[in-house]
Amino acid sequence: MSTQRIHEEIRQRCARLQRPPDWIVCDRAVMSERRWAQQEFPMSTVQIMDSRSEQSILEGIAVVTNLLDPLVGEPKLMFASYLWDRTPRRGIVTCMGQYRYRVEANGLLGRMPWKDNAHDHGCDDVRMWSVKRHGDSFRLLVSHRRHAA
């Protein structure tokens, strides 16, 4: 899907909802996306991943994991029940359910996610939003989280 087509789809969805996005997070490597988002939605909060640490896939996955399944307390990230009823190729629940890790040459699962260019984008969106919105409060927990064997 072309960038132009994606931008048009975003505009159409916002028109159907009758409001702009509240929060937009852009990849720091694609400055044109940040400029487009700021021009198209001047009332929205638009941020980029400021550092390599924020852009870190592994750290971001750990933040999302802590939001979905915290060590203490209730989950801080949940998906609305109506999202489970939709099955578009890039729907967020479909993306989360299809998130996979690369298989290494030795046949074991690797540490990095498999980029299939469909489902990984929704997961990247959740990851980047989670890091920008909640990352600082989880940084200490993220680096020390261990599961019992």
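Laboratory data are not the source of any read-out in this text; all were calculated from the coordinates shown. As the structure is a computational prediction, the values presented were derived from the model and not from experiment. Ideal geometry is used to build each Cβ from the backbone, glycine not excepted, and the neighbour counts take in all protein chains shown.
Some observations on this one:
- Choice from Gln12, Gln39, Gln98 showing the highest fluctuation, given a GNM over the chain with Cα pairs closer than 10 Å: Gln12
- One chain, two ends: Ser2 and Asn106. Fully extended at 0.36 nm per residue, the span grows by 33.8 nm beyond their Cα-Cα distance.
- Within the shell defined by Cβ-Cβ distances under 11 Å, the residues around Pro113 carry a net charge of +2, with Lys and Arg each +1 and Asp and Glu each -1.
- The H on the amide N of Arg28, modeled in the peptide plane, is under 5 Å from the matching H of Met49, each at least 5 residues off or on a different chain.
- Efficiency of FRET between Met78 and Ser51 - r from beta-carbon atoms, R0 30 angstrom, step 0.05: 0.60
- Cα pair count fraction exceeding 19 Å, expressed as % - the range 1-57: 32 percent
- What the pair-distance distribution of the chain shows, using all Cα-Cα distances binned every 5 Å from zero, is 2, 8, 14, 20, 21, 18, 10, 4, 2, 1, 0 percent.
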